[in-house]
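Trainee: My questions all concern the structure below.
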Amino acid sequence: MESSAGRAATVEFDQVSKRYGGSAKAGTPAAVNDLSLSIPAGRICVLVGPSGCGKTTSLKMVNRLIEPTSGRILLDGVDAAGRELTELRRGIGYVIQQTGLFPHQTVVENVGTVPRLLGWSGARIRERSEELLGLVGLDPAKYSRRFPSQLSGGERQRVGVARALAADPPIMLMDEPFGAVDPIVRERLQDEFLRLQEELAKTILFVTHDIDEAIKMGDLVAVFEIGGKVAQFGTPAELLASPASDFVARFVGTDRGLKRLALSRVADLTLHAAPTAVVGSDAGEARRRGLAASFQFVLLTDPANRPLGWIDAATLPESGPLTEALANPTSPFVNKRTTLKDALSLLLDSDVQVGIVTDRTGAVQGLVTVDMIAERMREGHIAPAYLVDAPPGAPADPAE
Amino acid sequence: MLPGQQLIDFSWIGDHLGQIAERIGQHLELTILPVAIGFLIALVLSIWAVRQPIVYGPITAVTGVLYTIPSLAAFAVLIPITGLSLVSALIPLVSYTLLILVRSIVAGFRGVAPEVLEAAEGMGYTRTQRLIRVEFPLAVPMMIAGLRLATVTAIGLATVASIIGGDTFGGLGQLITEGLQTFFPTKYLLGAALSVVLAVSADVLFVQIERWITPWARAPGSAG
């Protein structure tokens with residue numbers, strides 16, 4: 001998507017405050033209090049906190065739906081307050097929880113909103129809108145002519161994202177964009193959006209009240225507390241490893257050790273080589289190899305190296321070909337993108353606590369075990385906060 | 001009704017089709033003009049009321065008072081000023097539409113979801129662009145509901161305008177008045193029946209218009 005990539009801007013809050021209640025004197029409670037944040041171009045910065053903490057107010061000050069009482073917001077170093085209002089807004093993508101799609105316009109018309117305001121030609125708008133629908137996973141042929149009332153919640157959110165991307169804005173503001181859909185759809189939308197962002201590399205301000213979403217989506221996370229102050233600003237790993245205050249520690253939750261597992265992926269581990277044997281090959285050879293190893297199981301695969309199941313080497317005959325009937329397909333499958341949290345969970349749920357790592361084609365890449373995950377925690381990549389807290393439900397027993 | 005006379009004299013109807021058509025035409029004029037003028041006035045008042053909510057109370061109070069003035073009294077007041085003219089007939093008829101139309105148009109604008117307005121503002125619509133391209137189209141169903149009611153009401157009220165309009169623009173009311181004055185039931189029954197037919201037709205017409213211009217409002221529910 002070369003037309004959508006590579007445009008991003010820095011966003012800097014410089015001592016920004018917002019007070020309501022007529023005069024902006026110091027006595028009135030602040031919705032946002034002396035906020036200073038610097039967000040590098042092309043990153044997702046999540047503003048997270050309990051309701052009423054000023055995170056949405058902060059977001060809306062960027063496109064000036066709310067004007068700050070004091071302070072400056074700099075976009076690529078330029079003060080937003082000095083820019084013409086509609087011109088500023090047309091250059092910032094805006095996605096909100098209830099989507100705010102125009103009910104009287106079709107999907108393709110909704111997506112073309114900002115290009116139309118910018119005066120693009122009809123043909124160009126149409127082409128761009130259909131391109132974007134494809135990008136967010138909606139078949140233009142099927143969805144273009146529909147009205148928002150004919151879409152599911154998840155589809156509406158996709159259209160909302162496509163609409164915000166239409167004029168290729170360097171900055172996107174997303175206010176609980178996945179808050180109104182069920183957890184399964186939300187997770188899928190999150191994953192898809194992260195994949196999209198890898199290509200788009202927009203600067204994104206993302207508001208949520210869900211700490212798990214913040215940790216998952218954010219390159220940087222600003223934790224807000226009541227009173228419109230930022231309690232901590234850092235990477236998800238920093239937040240989980242060393243919460244700056246009791247409030248942050250409580251907000252990220254007592255299971256933050258487990259949450260940190262969600263920040264690492266199987267790709268970060270050095271995988272065990274899998275003792276594979278191709279179906280049809282000599283059973284005797286596989287038996288000898290299996291019995292010689294400490295782990296006396298052999299992984300049967302098809303000729304394309306896709307796993308068929310485990311075979312206990314001790315049960316193998318001395319000769320003859322390996323057949324699929326011998327294999328016991330019980331292991332959980334993971335891939336290199338699976339988080340260690342999900343991998344651990346799969347392993348704990350399974351009879352065989354060995355996970356098979358496969359690539360896109362389903363071919364075996366290696367094995368992952370609970371031991372390996374525990375080992376990585378001990379290496380200190382993940383461990384400190386977890387060891388201090390010893391959260392309930394954590395895999396305290398490293399034995400298999 | 002005179003002794004020995006039939007309730008409805010079909011041969012008279014057959015002989016006077018031209019005159020009847022002319023009365024229907026006049027009646028349509030007495031309906032369409034006040035509703036159209038009333039709609040324009042009500043639209044301006046409504047946009048004012050939506051932008052400055054403080055004026056909505058006074059606007060509904062004034063249009064509410066206008067709505068309660070009996071039409072005969074209004075004509076009596078107006079004839080010395082504007083004479084036996086179309087204007088004298090239109091002023092009361094227009095003023096009766098205002099309350100209905102202002103209420104429904106304002107309800108239409110106010111019914112636009114706040115997140116839709118916020119999204120429009122956040123994406124860089126100017127206030128006027130938002131009004132024309134977002135708020136107005138979304139208020140259309142309520143506007144049409146108001147127009148339906150105002151039109152049906154106007155068709156009924158227009159029959160009274162024959163007091164002023166007489167032969168020149170009296171409409172179906174003139175048929176009724178003449179029928180009563182000459183004890184000729186065919187005329188007044190026909191006048192009454194035709195105004196009912198007009199009202200029902202207008203009602204059906206507006207339902208069709210709404211379907212036609214707001215396809216999004218009747219789009220079947222979620223696709224899953």
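Trainee: Evaluate the charge dipole of the protein assembly as shown about its Cα centre and quote only its size in Debye, nearest 20, assuming +1 on the Cβ of each Lys and Arg and -1 on the Cβ of each Asp and Glu. Can you show the working numbers first?
Mentor: On the way: 54 positive and 61 negative charges, 314 e Å.
The dipole of the protein assembly as shown has a size of about 1500 debye.
Trainee: For chain B, calculate the relative contact order in percent as a whole number, restricting contacts to Cα pairs under 8 Å that are 6 or more residues apart.
Mentor: Computed value for chain B: 26 percent relative contact order.
Trainee: Could you work out the relative contact order of chain A? I mean the mean sequence separation of Cα pairs under 8 Å and 6+ apart, divided by the number of residues, in percent.
Mentor: The value is 16 percent.
Trainee: Right, another one. How many nm is it between the label spots at B:Glu115 and A:Glu198, if each spot is 7 Å from the Cα in line with the beta carbon?
Mentor: Reported label-point gap for B:Glu115 and A:Glu198 is 2.9 nm.
Trainee: Relative to the first principal axis of the alpha-carbon coordinates of chain A, what is the inclination of helix A:340-349, with its axis defined by its Cα atoms, in degrees from 0 to 90 and to the nearest 10?
Mentor: Roughly 40 degrees between the two axes.
Trainee: Sort A:Ser121, B:Ser46, A:Ser144 so that the residue with the fewest other Cβ atoms within 10 Å of its own Cβ comes first and the one with the most comes last.
Mentor: Ordered by Cβ neighbours within 10 Å, fewest first: A:Ser121, A:Ser144, B:Ser46.
Trainee: Pick from B:Gly146, B:Gly165, B:Gly83: which is most flexible by mean-square fluctuation in a GNM of chain B where alpha carbon atoms under 10 Å apart are linked?
Mentor: B:Gly83
Trainee: Kirkwood hydrodynamic radius (Cα pairs, Å) of chain A?
Mentor: Final number for the Kirkwood radius of chain A is 23.9 Å.
Trainee: Treating only the Cβ of Lys, Arg, Asp and Glu as charged (+1, +1, -1, -1), what charge dipole size does the range A:120-181 show about its Cα centre? Round to the nearest 20 debye.
Mentor: 260 debye
Trainee: Taking the dipole about the Cα centre of the range A:11-253, with the C-beta of Lys and Arg at +1 and of Asp and Glu at -1, give me whichever of A:His104, A:Pro243, A:Ile125 is farthest to the positive side.
Mentor: Checked the options; the winner is A:His104.
Trainee: Find the centroid of the Cα atoms in the range B:149-224 and in the range A:207-236, then give the distance between the two in whole Å.
Mentor: Centre-to-centre distance over Cα atoms comes out at 63 Å.
Trainee: Give me B:Val196, A:Val357 ranked fewest to most by other Cβ atoms within 10 Å of their Cβ, as a rough exposure proxy. It would help to have the intermediate numbers written out before the result.
Mentor: Working: B:Val196 13, A:Val357 23.
Going from least to most buried by this count: B:Val196, A:Val357.
Trainee: Considering only Cα-Cα distances, which of the following residue pairs are longer than 32 Å: A:Lys60/A:Lys336; A:Lys55/A:Lys259; A:Lys229/A:Lys259; A:Lys60/A:Lys259?
Mentor: A:Lys60/A:Lys336
Trainee: Calculate how steeply helix B:17-51 sits against the longest principal axis of the alpha-carbon atoms of chain B, using the helix alpha-carbon long axis, and give the answer as 0 to 90 degrees to the nearest 10.
Mentor: 30 degrees
Trainee: Oh, and also: Just report the Cα centroid separation between the range B:10-46 and the range A:11-81, whole Å.
Mentor: The two parts, judged by their Cα centres, are 60 Å apart.
Trainee: Treat the count of other C-beta atoms within 10 Å as a stand-in for reagent exposure and order B:Phe206, A:Phe178, B:Phe10 from fewest to most.
Mentor: In order of increasing Cβ crowding within 10 Å: B:Phe10, B:Phe206, A:Phe178.
Trainee: Hey, another quick one. Starting from the Kirkwood radius over alpha-carbon pairs of chain B, derive D by Stokes-Einstein at 20 °C in a medium of 1.002 mPa s and give it in µm² s⁻¹.
Mentor: Diffusion coefficient, whole number: 109 µm²/s.
Just so you know, all these numbers are worked out from the coordinates, no wet-lab data involved. In this text the structure is predicted, and so the values were computed from the model without any measurement. Every residue, glycine as well, gets a Cβ built from its backbone with ideal geometry; the counts of neighbours run over all protein chains shown.
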